[in-house]
Amino acid sequence: MFLNINIMIFLTRFLIFLANLYILFYVYQLDVNDCKCSDNFKRDYIFYYSIIYIFATISLIIFHQYFIKNYQIANTIKLLLGLGLLLNIYYLYTFSNELETNKCKCSKGFGRDLMKVFSMFYIILLIITFVFVCSIYITNTNKPISKNTNLEYGNIEFVRKIN
């Protein structure tokens, strides 16, 4: 049985949301438990980025109609989250590696492993996306850009004109 693409996208976003929520609580616990070997700016960045990501995601869901009408604002939020995500991926990976390398006993647990797996997931996803975009660019270099686009909801979809 095939899942609808919208359901798959929703499930993926929901799992990413849950992962960010778990990472937020894990990093918060490191701070509350006064884990000295984890105390650095990467932990703080991961904490604050997770808070901003969770708040923005909830806002985009709750105020969906507002963001449909003002898609420039939604796109700006998504762009800023995406740029922050690049740094967050790097910090998640390096921070979890530092905790392992330094044999930080107070950081042991599922949260540390989740940070590493989550960052690897994103790194692989970024590489696949980059290769996909490059392949589309390479295969479409001689084709003219379609002037028939649909800008509803801020998405550009190419429409084939039927004669």
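The values are calculated or read from the model by the stated rules, or taken from the named source; none is laboratory data. All of these numbers come straight from a predicted model, not from anything done at the bench. Cβ coordinates were reconstructed from backbone atoms using ideal geometry, including for glycine residues, and neighbour counts include every protein chain displayed. When the accessible area is computed, the model is the full protein with side chains, heavy atoms only, and any ligands, DNA or RNA have been set aside. Shrake-Rupley method; radii C 1.70, N 1.55, O 1.52, S 1.80 Å.
Being open to solvent by 100 Å² or more (accessible area, probe 1.4 Å) and among the hydrophobic types (A, V, I, L, M, F, W, C), is that true of even one residue in the range 87-95?
Checked against the condition, which is being open to solvent by 100 Å² or more (accessible area, probe 1.4 Å) and among the hydrophobic types (A, V, I, L, M, F, W, C), the range 87-95 yields no hits at all.
In the range 12-39, which residues are loosely packed, with under 12 Cβ neighbours inside 10 Å, of a type in the set (D, E, K, R) and part of a helix (DSSP H, G or I)?
Residue satisfying the conditions is Lys36 alone.
Looking at Ile62, Ile46, Ile23, Ile52, can you tell me which residue is of a type in the set (A, V, I, L, M) and without any contact (Cβ under 8 Å) to a residue 12 or more places away in the chain?
Checking each option against the conditions leaves just Ile62.
Select, from Lys78, Lys103, the only residue that is charged (D, E, K, R), at pLDDT 85 or above, open to solvent by 90 Å² or more (accessible area, probe 1.4 Å) and not in a helix (DSSP H, G or I).
Lys103
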